[in-house]
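Since every read-out is calculated from the coordinates, none of them should be taken as a lab result. Keep in mind that this is a model prediction, so the values were computed, not measured. Cβ sites come from the backbone with ideal geometry, for glycine too, and all protein chains shown count toward neighbours.
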Amino acid sequence: MPKIKTNRGAAKRFSFTKTGKVKFKHNNLRHKLTHKSRSHKRRLRKVGILNRSDSNVAHALVPYK
């Protein structure tokens, strides 16, 4: 069987925990920050966890992590 290619865009966006959960960084924290509230920006700094159905897709895109 040939090896499966890793989707490089997904590999740069997702990281995996030891238990198999998928972590990602929230968006909307790059520019136009003056009109966003302080609490909203603070909430966006925290790491996000994908739900189970989306994490199955992420594991298929990044097979060897």
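Could you sort out which of LYS12/LYS46; LYS18/LYS65; LYS21/LYS46; LYS41/LYS65 sit more than 20 Å apart by Cα distance in this structure?
Pairs exceeding the cut-off: LYS41/LYS65.
Give me the one-decimal nm value for the distance between modelled label points at HIS59 and ILE4, 7 Å along each residue's Cα-to-Cβ direction.
Modelled inter-label distance: 1.0 nm.
Counting only the backbone N, which residues of segment 25-65 are under 15 Å from the spot 7 Å out from the Cα of SER15 toward its beta-carbon?
25-26, 45-50, 65
What base-10 log of the normalised intensity I(q)/I(0) is obtained for segment 8-61 from the Debye formula, alpha carbons as equal point scatterers, at q = 0.12, 0.19 Å⁻¹?
Log10 I(q)/I(0), no solvent term: -0.34, -0.71.
Normalised by the residues of the chain, what does the relative contact order come to in percent, with Cα pairs under 8 Å and at least six apart?
42 percent
Compute the acute angle (0 to 90°) between the alpha-carbon long axis of helix 52-61 and the principal axis of greatest extent of the alpha-carbon atoms of the chain; round to the nearest 10°.
The answer is roughly 60 degrees.
Just name one of GLY9, SER39, LEU61: the one whose Cα is farthest towards the positive end of the charge dipole of the chain (beta-carbon charges, Lys/Arg +1, Asp/Glu -1).
The Cα lying farthest towards the positive end belongs to SER39.
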